[in-house]
Amino acid sequence: MPKQQFISPVTVDENDIQGDVLIGLQKAAEVFNFFEFTDVHRFGADFATILGDITSLKMTREFETSANGPFEKANIAFSYRGLMKLGLVREGDPLDEAFVAGQPARAELLGDVKNKWLDVFANEQIDGVLLVAVAGDEPATAIVTAQQQSNAFMDALRHSVRRLHHEPGMVRGAKRDDPQRGHEHFGFADGVSQPGVKGLTKPNNPNDPNQGFPGQDLVAPGEFVFGDQYEIEVPPGAPAATATPPLPWMANGSYLVFRRLAQHVSVFNDYATANWNGFATSEDQFKAKLIGRWENGSAVVRTPDHSNAAEGVGAPNVNNDFDFGPDNTAKHATDKDQENCPFAAHIRRMYPRSDSAGDASERARILRAGIPFGSDDGPDQRGLLFVCYQTSIIEQFELIQCAASNPTARPTEVGMIVPAVPGVDDILASVGSSRQETWAQGTLPRAQEFVTATGGEYFFSPSLTTLGQIAAQ
Ligand code: HEM
């Protein structure tokens, strides 16, 4: 299938975009402060006192390349409800329908059971979220700093805002050489595959100028940030299009999806112990097939029989150099008959590469920026504070979430990823879903759910320019 051609060179406005949006705030710990307005008319003046602390994309990139630390970073985003109160949107404005409805109203569509949600999310009262991240320090110290910094910001906003709830997140692994460092709670390296962003990610594959590292397709920035200068992906042959913001103040902004996802680690481990035989050569291989990668991040498509650290999270030159099929011989490894990587494996459901939709699957890409919560040794109260960015919640996050958890529901017909076979995601499927995953080796026994959504909300993360206007109100 021909590749999307970009109509013009793209320059991403690094000074105006908040730091979490395109590359994620690099962090050892992060606190999400959910708030409601108590006196919205005073918010501008209060917010002006901390506006200088909001971290841009440029600052975030500079921190990344600097050896000194620790670094404290802050970003802010508002729900539709919050933007209404700020007077930035009015009823009937042409915004993403899912954003307008709010995540609580979409819970069922996403495959969630609403009474498992924390009240603070179910009650539809959140106006905004202030993200405070700390990098360049050990997680245990970074979380203390992030909490203190959060309290200081909330104090600065106290005349106009009330904190309803906060969620502390921490990178796992107390020491840098801990094998679980940077892994999510099931034990797998996270952050191995992210889309490259045209105009920001350096092309790094001598054989393909449309890729960052090999296998990392460069995606038009308009998939993640609004702006007339940012192209979006269109089906091959269709006229080029840009991510024109529905309202002018949305330029250089992005929709932020937040999900609080509890992980049932013992259920996951017990399921693997009881069922690996017949589906894999070992329990570890069975788990790797559920995810699509081994614990260290190496792809099962590339090394099906063993975990290979040389192809893991620290090896960007190879760890994404694969496709799933059907016939892309240019890529290093494919698996069209799911011999090694099941169709239902998490990474294959979330990003089918060339499975069924060819390059059209680039239209449902997201940039992930989450962090684990909860500790390893406490009760089963741990999971992932999932965050992702996109310019269409319906056509990006909700589309892949539904493919994972609620395959009969479709938020939209546009840009749909057609799963290669019916069924759900091996990791994200909820109990309510049909759970009909069939691997090449047979149909998996039914499972209790491994992941339960316990809350979430949709936000908009505005540009620094727009935040300046809010501060001047
Ligand atoms: C607790 C829940 C979750 C866990 C434990 C989890 C775990 C993982 C792991 C281990 C990877 C492979 C490493 C990587 O490529 O970064 C991954 C990749 C990915 N996940 Fe999740 N994830 C969760 C929730 C979600 C959700 C809710 C979505 C979106 C609806 C999502 C979308 C993705 C995507 C798009 C990829 C990259 C696929 C690729 O490009 O190959 N994940 N996840």
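The values are calculated or read from the model by the stated rules, or taken from the named source; none is laboratory data. This structure is a prediction, so every number in the text was calculated from the model and none was measured. Positions of Cβ are backbone-derived with ideal geometry, glycine not excepted, and every protein chain shown enters the neighbour counts. Ligands, DNA and RNA are excluded from the accessible area calculation, which covers all protein heavy atoms including side chains. Shrake-Rupley method; radii C 1.70, N 1.55, O 1.52, S 1.80 Å.
Hey, Asn275 hits all of (1) in contact (Cβ under 8 Å) with a residue 40 or more places away in the chain; (2) within 15 Å of the ligand (Cβ to nearest atom) but one; which does it fall short on?
(2)
Restricting attention to region 155-173, which residues are modelled with pLDDT of 95 or more and open to solvent by less than 20 Å² (accessible area, probe 1.4 Å)?
Listed by number, the residues that qualify are Leu157, Ser160, Val161, Glu167, Gly169.
For region 151-170, which positions are closer than 23 Å to Asn68 by Cβ and touching a Pro at 6+ places or on another chain (Cβ under 9 Å)?
Met170
Among the candidates Glu72, Glu62, which residue alone is at pLDDT below 95 and assigned to a helix (DSSP H, G or I)?
Matching residue, one of Glu72, Glu62: Glu62.
His166: in a loop (DSSP other than H, G, I, E, B), away from the ligand (no atom under 12 Å from the Cβ), in contact (Cβ under 8 Å) with a residue 60 or more places away in the chain and touching a Ser or Thr at 6+ places or on another chain (Cβ under 9 Å), yes or no?
In short, no.
Starting from residues that are touching an Asp or Glu at 6+ places or on another chain (Cβ under 7 Å) and over 26 Å from Asp16 (Cα atoms), keep the ones in region 235-270 and report whichever is surrounded by the most Cβ atoms within 10 Å (Cβ to Cβ).
Arg260
So, of the residues in region 339-368 that are part of a loop (DSSP other than H, G, I, E, B) and within 11 Å of the ligand (Cβ to nearest atom), which turns out to be modelled with the highest pLDDT?
In this case the residue turns out to be Ile366.
Regarding Arg349, is this residue of a type outside the set (Phe, Trp, Tyr) and in contact with a strand residue (DSSP E or B) (Cβ under 9 Å, 6 or more places away or on another chain)? If you could, list the steps in order and put the result at the bottom.
Details: of a type outside the set (Phe, Trp, Tyr): yes; in contact with a strand residue (DSSP E or B) (Cβ under 9 Å, 6 or more places away or on another chain): no.
When the stated conditions are applied, Arg349 does not pass them.
Give me the pairs, please: first residue somewhere in region 448-462 and without any contact (Cβ under 8 Å) to a residue 12 or more places away in the chain and open to solvent by less than 10 Å² (accessible area, probe 1.4 Å), second residue anywhere and within 9 Å of the ligand (Cβ to nearest atom) and of a type in the set (D, E, K, R), beta-carbon distance under 6 Å, and either six or more positions apart or on two chains.
Short answer, once both residue conditions are applied: none.
Would you mind telling me which numbered condition in (1) at pLDDT 90 or above; (2) away from the ligand (no atom under 13 Å from the Cβ) Asp327 fails?
Among (1) at pLDDT 90 or above; (2) away from the ligand (no atom under 13 Å from the Cβ), the lone unmet condition for Asp327 is (1).
In region 128-152, what residues are assigned to a loop (DSSP other than H, G, I, E, B) and touching a Lys or Arg at 6+ places or on another chain (Cβ under 8 Å)? If you could, list the steps in order and put the result at the bottom.
Of all residues in region 128-152, those assigned to a loop (DSSP other than H, G, I, E, B) come to 136-138.
Once the filter is applied, which keeps residues that are assigned to a loop (DSSP other than H, G, I, E, B) and touching a Lys or Arg at 6+ places or on another chain (Cβ under 8 Å), region 128-152 yields only Glu138.
All but one of (1) within 16 Å of the ligand (Cβ to nearest atom); (2) surrounded by fewer than 16 Cβ atoms within 10 Å (Cβ to Cβ) hold for Asn151, so report the exception by its number.
Of (1) within 16 Å of the ligand (Cβ to nearest atom); (2) surrounded by fewer than 16 Cβ atoms within 10 Å (Cβ to Cβ), only one is false for Asn151: (1).
Which number in (1) assigned to a loop (DSSP other than H, G, I, E, B); (2) without any contact (Cβ under 8 Å) to a residue 24 or more places away in the chain; (3) closer than 18 Å to Ala471 by Cα marks the one condition that Asp155 misses?
With (1) assigned to a loop (DSSP other than H, G, I, E, B); (2) without any contact (Cβ under 8 Å) to a residue 24 or more places away in the chain; (3) closer than 18 Å to Ala471 by Cα applied to Asp155, the lone miss is (1).
Report, by residue number, each residue of region 192-231 that is of a type in the set (A, V, I, L, M, F, W, C), within 16 Å of the ligand (Cβ to nearest atom) and buried (at least 22 other Cβ atoms within 10 Å of the Cβ).
Those that are of a type in the set (A, V, I, L, M, F, W, C), within 16 Å of the ligand (Cβ to nearest atom) and buried (at least 22 other Cβ atoms within 10 Å of the Cβ): Val197, Leu218, Val219, Phe224.
Hey, can you tell me all the residues within region 94-108 that are open to solvent by less than 20 Å² (accessible area, probe 1.4 Å) and either part of a helix (DSSP H, G or I) or without any contact (Cβ under 8 Å) to a residue 60 or more places away in the chain (or both)?
Ala98, Phe99, Gln103, Pro104
Go through region 271-298 and report how many residues are surrounded by fewer than 23 Cβ atoms within 10 Å (Cβ to Cβ) and at positive phi.
Residues in region 271-298 being surrounded by fewer than 23 Cβ atoms within 10 Å (Cβ to Cβ) and at positive phi: 1 in total.
Provide a single number: the residues in region 109-137 that are among the charged types (D, E, K, R), open to solvent by 60 Å² or more (accessible area, probe 1.4 Å) and out of contact with any helix residue (DSSP H, G or I) (no Cβ under 7 Å at 6 or more places or on another chain).
Residues flagged as among the charged types (D, E, K, R), open to solvent by 60 Å² or more (accessible area, probe 1.4 Å) and out of contact with any helix residue (DSSP H, G or I) (no Cβ under 7 Å at 6 or more places or on another chain) within region 109-137 amount to 2.
Check whether at least one residue in region 397-415 is open to solvent by less than 10 Å² (accessible area, probe 1.4 Å), at pLDDT 75 or above and away from the ligand (no atom under 11 Å from the Cβ), and report yes or no.
Scanning region 397-415 turns up no residue that is open to solvent by less than 10 Å² (accessible area, probe 1.4 Å), at pLDDT 75 or above and away from the ligand (no atom under 11 Å from the Cβ).
Could you please let me know if Arg176 is surrounded by fewer than 18 Cβ atoms within 10 Å (Cβ to Cβ) and in a strand (DSSP E or B)?
no
Under 23 Å from the mean Cα position of the chain (by Cα) and at pLDDT 95 or above: is that true of Leu200 in this structure?
In short, no.
I need the full set of residues from region 266-301 which are part of a strand (DSSP E or B) and either more than 25 Å from the chain's Cα centre (by Cα) or closer than 18 Å to Gln180 by Cβ (or both), in order please.
Once the filter is applied, which keeps residues that are part of a strand (DSSP E or B) and either more than 25 Å from the chain's Cα centre (by Cα) or closer than 18 Å to Gln180 by Cβ (or both), region 266-301 yields Asn277, Ala280, Arg293.
Kindly list the number of the only condition in (1) open to solvent by 20 Å² or more (accessible area, probe 1.4 Å); (2) modelled with pLDDT of 95 or more that fails for Val89.
All conditions pass for Val89, except number (1).
Tell me, which strands (runs of 3 or more DSSP E) wholly within region 190-265 include 2 or more residues that are in contact (Cβ under 8 Å) with a residue 12 or more places away in the chain, closer than 30 Å to Pro94 by Cα and not aliphatic (A, V, I, L, M)?
Hits in region 190-265: 227-232, 254-263.
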